[in-house]
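Engineer: A single structure is presented below for examination.
No value in this document is a laboratory result; all are computed from the given coordinates. Because the structure is predicted, anything quoted here is derived from the model rather than measured. Please note: Cβ atoms are built from the backbone with ideal geometry, for glycine as well, and neighbour counts cover all protein chains shown.
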Amino acid sequence: MGTKQLKELKGLQKENDRLRRAVSDLTLDKLILSEAAREND
């Protein structure tokens, strides 16, 4: 694997981590909103 490929892989891994955190945050927000909606029924 060349240097360019390693840099690209590292960049993709970093982007993947960022996206995973975003999905995790949004999932938590959704759960909180769902719970709040249930309490208001």
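Engineer: For Ala22, work out the one condition from (1) surrounded by fewer than 10 Cβ atoms within 10 Å (Cβ to Cβ); (2) under 12 Å from the mean Cα position of the chain (by Cα); (3) of a type outside the set (Phe, Trp, Tyr) it doesn't fulfil.
Structural biologist: Of (1) surrounded by fewer than 10 Cβ atoms within 10 Å (Cβ to Cβ); (2) under 12 Å from the mean Cα position of the chain (by Cα); (3) of a type outside the set (Phe, Trp, Tyr), only one is false for Ala22: (1).
Engineer: Still on this structure: Just wondering, is there one or more residues in the stretch 2-16 that are under 8 Å from the mean Cα position of the chain (by Cα) and in a helix (DSSP H, G or I)?
Structural biologist: Within the stretch 2-16, one or more residues are under 8 Å from the mean Cα position of the chain (by Cα) and in a helix (DSSP H, G or I).
Engineer: Okay, moving on. Among the residues of the stretch 1-15, which ones are surrounded by 10 or more Cβ atoms within 10 Å (Cβ to Cβ) and not charged (D, E, K, R)?
Structural biologist: Answer for the stretch 1-15, where residues must be surrounded by 10 or more Cβ atoms within 10 Å (Cβ to Cβ) and not charged (D, E, K, R): Leu6, Leu9, Gly11, Leu12, Gln13.
Engineer: In this structure, does Leu31 turn out to be within 11 Å of the chain's Cα centre (by Cα) and free of Cβ contacts under 8 Å to residues at least 60 places away in the same chain?
Structural biologist: no
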